[in-house]
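Step one of this worksheet: look at the structure below.
The values are calculated or read from the model by the stated rules, or taken from the named source; none is laboratory data. The model shown is predicted, which means the values in this text are computed figures rather than measured ones. We place every Cβ from the backbone using ideal geometry, glycine too, and count neighbours over all the protein chains shown. These area figures cover heavy atoms from the full protein model, side chains too; ligands, DNA and RNA do not enter into them. Shrake-Rupley method; radii C 1.70, N 1.55, O 1.52, S 1.80 Å.
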Amino acid sequence: MEQKKHYSVLELGKVLARLAEFCACDDAKERALALSPAQTLDEARLLMNQTSDAHRLLAGFGAPTFGGLRSIAGALARAAAGGMLSLRELLDTAAVLSAVRGIIRWRESCASIETVLDFSALEPNSYLEKLINDAVANEEELSDNASPALADLRRKIRVQESRVREQLEKTIRSARNSKILQEAIVTQRAGRYVVPVKAEMRGEFPGLVHDSSASGATVFVEPIAVVEANNEIRILRGKERAEVERIVMQLSAQVGEFAHSIKRSYQAAIELNLIFAKAQYAYKIKACAVEINDSGQTLLRAARHPLLPPENAVPIDINLGIDFDTLVITGPNTGGKTVALKTLGLLSLMVRCGLMLPVRDGSCAAFYPRVYADIGDEQSIEQSLSTFSAHMTNISAILAEADRNSLVLADELGAGTDPVEGAALAQAILESLREKGAHIAATTHYAELKAYALTAPRVQNASCEFYVQTLRPTYRLIIGTPGRSNALAISERLGVEPQVLELARSLIAQENRQFEELVDRLEESRRAMESETSSARELKNQAQAERDTAAAKRAEIEKLWQREEEQARGAALRIIEQAKREAAVLLAELDKLRREKDSAASELAKRAKSALKKTMQALAEGDLQRTIPAEDDDYVLPRPLAVGDSIQLAGIGTNGVVLTLPDAKGLLTIQTGNAKSRVSVSTVRLVGRDKPQKLPRDISPKAAQKPDSMGGNASDNRFDLRGMTVEECLHALEYYLDGVMRTGLHEFVIVHGKGTGALRAAVKRYLDSSVLVASHRLGGYGEGGDGVTVVSLR
């Protein structure tokens with residue numbers, strides 16, 4: 001059976017006509033109108049991928065310009081054969097070359113995007129394009145720049161014509177000739193300049209007659225004085241025509257030389273124009289790409305018929321070949337059954353043409369090499385075919401050809417004859433098609449087919465929703481529920497007499513009434529479940545929205561808390577740094593006063609030390625604890641702290657080691673890195689160890705309580721290590737260096753003595769590895785020699 005007949009029934013031609021509107025040239029439009037569905041799965045997938053890539057490129061870069069494409073196949077063939085082209089054909093060729101160059105330039109602008117579209121066949125030819133555009137002024141004449149010889153001939157013609165006109169102007173302005181001339185004008189006849197002379201005065205005006213007016217009252221005479229000049233112009237015109245012909249022939253030969261590459265580029269541009277037309281049509285109908293499979297599974301979500309306006313079309317969900325292979329659609333007339341059939345069939349054809357489908361994302365389409373449609377009334381008086389006969393003729397042909405790769409669409413299957421026989425025949429046709437493996441979608445009003453769909457395997461009922469109260473269909477396709485024709489209910493709403501309707505009801509068979517009542521109850525249950533589902537969905541969406549709002553508020557609170565914590569931490573660190581600076585200044589003043597050994601100053605030093613001690617104690621007990629909050633106010637130490645315990649400061653996350661146990665005020669000394677500090681026991685969290693670790697030799701509780709007993713004061717620029725072991729020396733040096741950095745000293749002297757050189761070597765290794773030290777050297781003459789090291793800080 002001819003497939004084009006079924007394409008026409010499903011209105012594929014109308015879709016292709018709309019596609020052609022987006023093509024820029026006649027050849028592309030012809031290809032669009034002649035587009036035929038692909039015959040293989042690979043071809044269909046390639047076409048869909050091409051359209052999908054063009055759709056993506058359109059969104060990001062716009063469409064290339066195809067406006068300059070012209071149909072030049074005939075001109076190229078004639079040029080290749082050695083023929084001469086017209087100026088119009090030369091200009092069309094230049095326009096095609098310009099369009100090809102523009103497409104290539106557009107592709108270069110989006111070269112980073114990978115695509116299956118083939119631009120490789122496009123070959124620019126700027127040389128020939130410029131040659132034609134420079135030579136041809138318009139479709140009627142060449143430019144003076146076409147050749148030097150042509151420019152020289154036209155210049156001579158203009159000079160000669162100017163002389164002739166000047167001579168004739170003198171003639172017509174002569175007072176003697178005013179009575180002879182019909183009008184004082186200069187005109188042309190047969191390419192020669194003449195003046196109009198009264199017929200009766202012809203003998204008074206010497207010259208050659210070239211023409212006369214229709215009335216015979218005027219003759220056009222070429223005066224003897226300009227005959228030679230006109231002859232010269234005629235000779236020049238002949239030479240000009242010969243030069244023009246030579247140039248056009250030369251240009252035609254150039255076109256013929258490049259005819260093959262131009263034709264290949266033109267064909268590629270036409271193909272690209274068609275592909276981008278598909279992408280633009282997809283935007284028009286709000287379509288998207290779908291996956292194409294050969295497993296016979298079709299799932300169209302929110303599918304719309306492409307010939308209906310997107311804003312008016314009611315989306316329907318259609319699936320076939322997943323849970324069932326045959327779909328029996330029932331419902332009242334004008335309810336949308338036929339539109340559902342046509343939508344399924346037309347979209348199955350469009351996907352084979354590489355056209356994107358007006359469906360929602362997540363859809364897929366089966367590849368059906370053959371699509372059969374028995375839709376509409378094909379009765380024919382000439383062929384003596386009734387409606388039933390016409391349908392059976394189509395069905396007979398379909399039964400002969402259908403197979404497992406076929407999609408069969410049948411509208412009102414078995415209608416137009418006795419209902420009993422029609423229902424039996426329809427069921428038999430469905431069974432026969434199912435045995436062949438075909439996928440089927442059929443519409444019917446027969447209750448027998450509804451019952452058949454309820455019992456037969458892989459056969460499913462579907463209905464088009466209809467509200468009897470308003471006599472209006474919703475056009476929604478409900479899969480899984482059979483529909484009613486509602487003939488009696490519609491008739492009642494339309495005013496048919498009640499006694500007629502009662503009689504009709506009494507004539508309906510008991511089993512049919514029971515079946516229809518069952519369908520009614522199913523429909524009521526479906527609507528109730530749909531309403532409940534909708535309510536549940538709304539509640540779920542509302543709960544989700546509230547959950548999202550709560551999560552956003554929680555995130556905002558956590559962000560605010562983190563910001564406050566950072567601010568508090570920063571404030572605490574600023575207070576500590578300020579206290580360190582003040583302590584360093586006070587210690588420097590104390591050392592100065594101690595050296596002066598002034599009794600009054602000594603008293604002042606004692607008061608300063610007392611004030612400093614109180615300030616540091618208040619800082620440790622108050623401000624630091626307030627600015628660094630604990631993460632868990634309910635935290636309780638699992639056991640009493642012991643010297644050597646590994647701990648972590650709450651809120652800061654800094655790890656340290658316990659040096660002294662808490663005093664009466666709950667303060668203890670810890671070491672974090674190279675620094676020691678006094679903190680409240682409430683800010684300490686025990687970490688990791690069941691037993692305290694053993695303190696290094698250089699860290700003892702006693703040393704922790706009296707750090708200034710180690711060799712010197714950070715405010716002094718001379719630090720004495722003599723008498724210490726290497727470990728004690730390194731610990732004291734580390735503590736001293738930390739104090740020096742806080743006081744702002746840039747250079748100091750370490751006294752380690754000469755002895756065995758062990759202290760000197762240990763100091764050198766420590767200073768070499770310290771990032772705080774810029775340089776160091778042994779003392780010079782008068783500084784202490786090898787017994788001291790002079791250190792410069794960064």
Worksheet entry | Index of the failed condition, LEU518 passing every other in (1) open to solvent by 100 Å² or more (accessible area, probe 1.4 Å); (2) at pLDDT below 65; (3) not acidic (Asp, Glu) | (1)
Item to complete: Tally the residues that are within 27 Å of VAL339 (Cβ to Cβ), among the hydrophobic types (A, V, I, L, M, F, W, C) and open to solvent by less than 20 Å² (accessible area, probe 1.4 Å), restricting the search to segment 19-58.
Response: 6
Practice prompt. Those residues that are surrounded by 13 or more Cβ atoms within 10 Å (Cβ to Cβ), hydroxyl-bearing (Ser, Thr, Tyr) and part of a loop (DSSP other than H, G, I, E, B), I need them from segment 743-785; list them, please.
Written response: SER770
Response to the item:
Output for Cβ contacts, cut-off 7 Å, separation at least six or different chains, first residue under 8 Å from ALA365 (Cα atoms) in segment 282-305, second among the polar types (S, T, N, Q), reads VAL290/SER363; THR298/ASN319; LEU299/ASN319; LEU299/SER363; LEU300/SER363
Discussion item. Looking only at segment 238-258, how many residues end up being among the hydrophobic types (A, V, I, L, M, F, W, C) and surrounded by 22 or more Cβ atoms within 10 Å (Cβ to Cβ)?
Written reply: 2
Fill in: Condition met for LEU16 (closer than 20 Å to LEU308 by Cα and open to solvent by less than 80 Å² (accessible area, probe 1.4 Å))
yes
Item to complete: For residues that are among the aliphatic types (A, V, I, L, M) and loosely packed, with under 15 Cβ neighbours inside 10 Å, scanning just segment 74-83, find the one that is nearest to the chain's Cα centre (by Cα).
Response: ALA77
Discussion item. Tell me yes or no: at least one residue of segment 121-141 is out of contact with any Ser or Thr (no Cβ under 7 Å at 6 or more places or on another chain), surrounded by 14 or more Cβ atoms within 10 Å (Cβ to Cβ) and modelled with pLDDT under 80.
Written reply: no
Worksheet item: What number of residues within segment 758-779 are touching a residue at least 24 places away in the same chain (Cβ under 8 Å), farther than 30 Å from GLN578 by Cβ and in contact with a helix residue (DSSP H, G or I) (Cβ under 9 Å, 6 or more places away or on another chain)?
Response: 6
Practice prompt. Scan segment 715-729 and report the pairs whose first residue is under 14 Å from THR756 (Cβ atoms) and at pLDDT 80 or above and whose second residue is among the charged types (D, E, K, R) and surrounded by fewer than 14 Cβ atoms within 10 Å (Cβ to Cβ), with Cβ atoms within less than 9 Å and a gap of 6+ or a chain change.
Written response: THR725/ARG697
Worksheet entry | Those residues of segment 322-332 which are closer than 11 Å to LEU344 by Cβ and either open to solvent by 10 Å² or more (accessible area, probe 1.4 Å) or among the β-branched types (Val, Ile, Thr) (or both), in sequence order | ILE329
Practice prompt. Kindly establish whether ARG360 is modelled with pLDDT under 95, open to solvent by 20 Å² or more (accessible area, probe 1.4 Å) and touching a Ser or Thr at 6+ places or on another chain (Cβ under 9 Å).
Written response: no
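For segment 398-410, give me each residue that is among the acidic types (Asp, Glu) and within 41 Å of the chain's Cα centre (by Cα).
Of everything in segment 398-410, just one residue is among the acidic types (Asp, Glu) and within 41 Å of the chain's Cα centre (by Cα), namely ASP403.
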Discussion item. Given (1) open to solvent by less than 20 Å² (accessible area, probe 1.4 Å); (2) in contact with a strand residue (DSSP E or B) (Cβ under 8 Å, 6 or more places away or on another chain); (3) modelled with pLDDT of 85 or more, identify the lone condition not met by ALA390.
Written reply: (3)
Discussion item. Given the options THR334, THR338, name the one that is of a type in the set (Val, Ile, Thr), farther than 20 Å from ILE398 by Cβ and in contact (Cβ under 8 Å) with a residue 12 or more places away in the chain.
Written reply: THR334
Practice prompt. Taking only segment 170-203 into account, find how many residues are part of a helix (DSSP H, G or I) and either open to solvent by 60 Å² or more (accessible area, probe 1.4 Å) or modelled with pLDDT of 85 or more (or both).
Written response: 5
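Out of THR115, THR93, THR65, which single residue is out of contact with any strand residue (DSSP E or B) (no Cβ under 7 Å at 6 or more places or on another chain) and part of a helix (DSSP H, G or I)? Walk me through it before giving the result.
Working: THR115 fails: part of a helix (DSSP H, G or I); THR65 fails: part of a helix (DSSP H, G or I).
Answer to the check: THR93.
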